[in-house]
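Enquirer: Sharing a structure, written as structure tokens. Questions coming.
The values are calculated or read from the model by the stated rules, or taken from the named source; none is laboratory data. On a predicted model such as this, the values are computed, not experimentally measured, just so you know. When we count neighbours, we look across all protein chains shown, and the Cβ atoms used for this are built from the backbone with ideal geometry, even at glycine.
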Amino acid sequence: MLLSYADSSVEDTHVINDEATPLIGVVVVIFNRRCSESVSFVKMLQISPTVLLLIDNSTEAEIIEYNRQYCLQQNCGYYSMGSNAGLSKAYNTGVRLIGDRTEYLMLLDDDTVVPDDVIRKLGVSVQETPDADVFIPFITDQNSLLSPNRRVSSLFFRLRKRPDVFSSQMSAINSGLVIRLRPGESQGPYFDEEQFLDCIDHLFVFQQLARGAKFQLYAAEFQQTFFDGMTVNQKDRKEQNDQKEKTCTRFRQFVKDYRYFYTACSLNRWIAELYLLFRASKLNMRYRTTCFLTLLQKA
């Protein structure tokens, strides 16, 4: 059974099936997608945590109304940001809306594959380390372990094997990350709202480590799938140009967020800019253009 509320009106109710299970809230952030098509949201409806809240960053009115009605029918929380306000603002909104009604808050992207036993495994980890502030799961993609990963200045590298502990030389992506909340106390903001989409997880981890927060790995394994926008059979020139424009817009946002990240963390600027140059060069070769290097200079 789920806590039910609509928009910013919240009922103060807790239902929990197992006394040994901590109060766990889940925030799923979605953008221009029907929530019934989100693998993470649908799975959480089945798992039924203490609180489930969909934060909607959608800009299409039809999708917003569909998601609102669907959540009401499923007796779970829904909140529309009214626009694409960015991931950091969406997460902070989730903390604000349900932070006083749960002990632990899990953040999920809308396309993350969630394991069936995630609540049980998180509960075990909470019982073993009740003083932990942040819980990090294992996330894989098509290739190998994606998160946690190793951080060297502003660069991130995959770990060859799963670590036993989370160290200060590591980072993690946001989906599946769990924050320990303290109901009745100030709840953030946890995420820097100057960042829109990229590296908000890495900045969060860096700042929490700097504050002395205790990190704990928990054994649940999530799966993240990244799709390449351009397929090898996509030969139509208009499709290619459209995809190039989308990639250009996406890269522009990445450059802005990445530069904010390494500046806020006082990390080596030259290493970061060389990485951006490398990434822009690869995109230039892929699309047979020079616009990404030009964009890098103007961003």
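Enquirer: Considering only residues of segment 45-57 that are over 11 Å from Met106 (Cα atoms) and within 16 Å of the chain's Cα centre (by Cα), which is surrounded by the fewest Cβ atoms within 10 Å (Cβ to Cβ)?
Expert: Asn57
Enquirer: Anything in segment 79-109 that is of a type outside the set (A, V, I, L, M) and more than 14 Å from the chain's Cα centre (by Cα)? List them, or say none.
Expert: Tyr79, Ser80, Gly82, Ser83, Asn84, Arg96, Gly99, Asp100, Arg101, Thr102, Glu103, Tyr104
Enquirer: Look at Ser83 and say whether it is farther than 23 Å from Ala219 by Cβ, buried (at least 22 other Cβ atoms within 10 Å of the Cβ), outside the structural domain of Gln253 (by TED's automatic domain parsing) and of a type outside the set (D, E, K, R).
Expert: No.
Enquirer: Does Glu194 qualify as being within 17 Å of the chain's Cα centre (by Cα), surrounded by 13 or more Cβ atoms within 10 Å (Cβ to Cβ) and part of a strand (DSSP E or B)?
Expert: Spelling it out, it is not the case that Glu194 is within 17 Å of the chain's Cα centre (by Cα), surrounded by 13 or more Cβ atoms within 10 Å (Cβ to Cβ) and part of a strand (DSSP E or B).
Enquirer: On to the next question. Conditions first: (1) without any contact (Cβ under 8 Å) to a residue 24 or more places away in the chain; (2) surrounded by 21 or more Cβ atoms within 10 Å (Cβ to Cβ). Ile64 passes all but one, so which condition is the exception?
Expert: So Ile64 meets the others, but not (2).
Enquirer: Looking at segment 260-297, which of its residues are assigned to a loop (DSSP other than H, G, I, E, B) and β-branched (Val, Ile, Thr)?
Expert: Within segment 260-297, Thr289, Thr290 qualify.
Enquirer: Within segment 112-132, track down each residue that is part of a loop (DSSP other than H, G, I, E, B) and surrounded by 18 or more Cβ atoms within 10 Å (Cβ to Cβ).
Expert: Val114, Pro115, Ala132 - these are the residues of segment 112-132 that are part of a loop (DSSP other than H, G, I, E, B) and surrounded by 18 or more Cβ atoms within 10 Å (Cβ to Cβ).
Enquirer: When you look at Thr263, is it modelled with pLDDT under 95, over 21 Å from Ile136 (Cβ atoms) and not assigned by TED's automatic domain parsing to the domain that holds Val39, yes or no?
Expert: No; evaluated as a whole, the condition is false for this residue.
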